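The values are calculated or read from the model by the stated rules, or taken from the named source; none is laboratory data. Here the structure is a predicted model, which means the values were calculated and not measured. Positions of Cβ are generated from backbone atoms using ideal geometry, with glycine treated the same way; all protein chains shown enter the neighbour counts. We work out accessible area using only protein heavy atoms, side chains counted, and drop any ligands, DNA or RNA first. Shrake-Rupley method; radii C 1.70, N 1.55, O 1.52, S 1.80 Å.
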Amino acid sequence: GRIFAGTDSSGAYYSDNEGIDWTPITSISGSDVSCFLVNHASKYFAGTLDRGVYISKDGGQDWESINEGLTDSTVTSLVIDPRGYLYAATSNGIFKSINTVTKIAEVTPVAKSYFLSQNYPNPFNPTTTISYQLSAISHVTLKVYDVLGREVATLVNEVRKPGRYDVEFDGSQLPSGAYFYRLEAGRYVKTGKMVLIK
């Protein structure tokens, strides 16, 4: 329900009553705020045209600079990819965060069924994300095999609670080709195919 507004020289403001009243965000006052990214439950981001990127971990009350490695402070837009990496578009190109900025290993909503999704992206080089969901507490194994049926990676081998999970697979040490990923959770067994292209 909180609305954010950026200005070209007076920083940013937020409103909790649909824009009737506005409160200045003091930690980014005086900045030229160009964009906000509010798509995660606990982390909000702001881009500025003069001071780079800011993050808020308390719903937009307090903000701190996160500009390590960002050599251009003229940020025009922000986006987070499905794996949780933050991208900042600037006047001199696009920058990507070194680490993920959101926790994507486990998402809390309870799933109604077991399901294994197609990996994304596919084909991939060298990383891809495999998603699955559980409707009950289960011992889960998620393994990757080559076309000859040889196991090349064990991504998950533990008991997990109901919910949706995203697992990153890194194929940088493997040759190009087709691979299969197999999920076993309770009585649910499903296999998917993916292609590594280098």
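Taken over segment 154-169, the criterion of being crowded, with 16+ Cβ neighbours inside 10 Å and β-branched (Val, Ile, Thr) is satisfied by 156, 167. Can you find a residue that is open to solvent by less than 70 Å² (accessible area, probe 1.4 Å), under 16 Å from residue 198 (Cβ atoms) and among the hydrophobic types (A, V, I, L, M, F, W, C) anywhere in segment 123-139? Yes, the conditions are met somewhere in segment 123-139.
If the condition is being within 23 Å of the chain's Cα centre (by Cα) and open to solvent by 10 Å² or more (accessible area, probe 1.4 Å), then segment 170-191 contributes 170, 172. Scan segment 41-59 for residues that are in a loop (DSSP other than H, G, I, E, B) and either farther than 17 Å from residue 6 by Cα or more than 19 Å from the chain's Cα centre (by Cα) (or both) and jot them down. Matches in segment 41-59: 41, 42, 43, 49, 50, 51, 52, 57, 58.
Sub-7 Å Cβ pairs linking a first residue in segment 160-171 that is closer than 13 Å to residue 185 by Cα and aromatic (Phe, Trp, Tyr) to a second residue that is at pLDDT below 90 and surrounded by fewer than 18 Cβ atoms within 10 Å (Cβ to Cβ), at least 6 apart or interchain, are 165/105; 165/106, ordered by first then second residue.
For residue 7, the stated conditions do not hold, so it cannot be described as modelled with pLDDT of 85 or more and open to solvent by 70 Å² or more (accessible area, probe 1.4 Å). Residues in segment 49-72 that are among the polar types (S, T, N, Q) and within 15 Å of residue 35 (Cα to Cα): 56, 65.
Evaluate segment 80-94: report whether one residue or more is part of a strand (DSSP E or B), modelled with pLDDT under 90, open to solvent by 80 Å² or more (accessible area, probe 1.4 Å) and of a type in the set (A, V, I, L, M, F, W, C). Checking segment 80-94: at least one residue is part of a strand (DSSP E or B), modelled with pLDDT under 90, open to solvent by 80 Å² or more (accessible area, probe 1.4 Å) and of a type in the set (A, V, I, L, M, F, W, C). Does residue 154 satisfy the condition of being within 23 Å of the chain's Cα centre (by Cα) and over 12 Å from residue 183 (Cα atoms)? Taking the combined requirement at face value, the residue does not satisfy it.
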